[in-house]
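These notes concern the structure reproduced below.
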Amino acid sequence: MSGKEPTQSDQQFPGQHDGEEVIFLFRQHPLVMRKALILGLLVILVGVLPLDFPQIYSSPAAAAFLTKIALGIPVIVFLAWFYRWVGWYYTMYIVTDRRILAIKQKGFFNRKVDEWQLDDISNVNYHINGFQAVLFGFGDITARTYLGTLEMKTVHKPVEVHEQLVRVLSKYGGGSTQSPN
């Protein structure tokens, strides 16, 4: 055998090319899970609410049944939250010295990977829209290419990520994007 075999420590992510350097990676803001959190809390509240009425305890069978439901609902909600968290945690954007990879995970068994070459990107823009976005520090980043548009939704600290992307594009490739002064 000639040449060096790639080892697990040389590879930082599956599909990484030989000699490719990871510059940085970023994720969506954790606030993208807010809808699941709010709905889960409401479901738990609805499941526990019947236990507040004293008439329920006049029938031991009904009380036992509603208690089991009230104990089972949080378990189901926690499993749903975990499912949503897996989708958030494994959805990420990897920026290397050659390309941007958009890895989008939905649940346990659905993963989509989009690859965009740095040489094809003509410009990068960000958009912070609304009170929540300003308050919690998230926004959307759009990278335009000759082939299409890479939209990165609900990114945490979009201004900082935008500046890093512009620096990477000015150093390693890209079209009309200028580096900040």
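Just a few scattered comments:
- Cα long-axis angle, helix 60-89 against the chain (0 to 90 degrees, to the nearest 10): 0
- Proximal charge balance of F138 [Cβ under 10 Å; K/R count +1, D/E count -1]: +1
- Relative to the longest principal axis of the Cα atoms of the chain, the long axis of helix 158-172 makes an angle of roughly 30 degrees.
- Cα-based helix-to-principal-axis angle, 34-48 vs the chain, degrees rounded to 10: 10
- Alpha-carbon Rg with Dmax, taken over the chain, Å: 23.2, 81
- Note on the chain: with charges restricted to the Cβ of Lys and Arg (+1) and Asp and Glu (-1), its dipole about the Cα centre is near 600 debye.
- Multiplying the residue separation of Y90 and L41 by 0.36 nm and subtracting their alpha-carbon distance yields 15.3 nm.
- Counted over segment 34-76 with a bin width of 5 Å, the fraction of Cα pairs per bin, in whole percents, is 5, 24, 28, 19, 12, 7, 4, 1.
- Taking a ≥ b ≥ c as the square roots of the eigenvalues of the alpha-carbon gyration tensor, segment 81-144 is classed oblate because a/c is 1.5 or more while a/b is no larger than b/c.
Where a number appears in this text, it was derived from the coordinates with a stated rule and is not lab data. Since this is a predicted model, take the numbers as computed values, not measurements. FYI the Cβ positions are ideal-geometry reconstructions off the backbone, even for glycines, and counts take in every protein chain you see.
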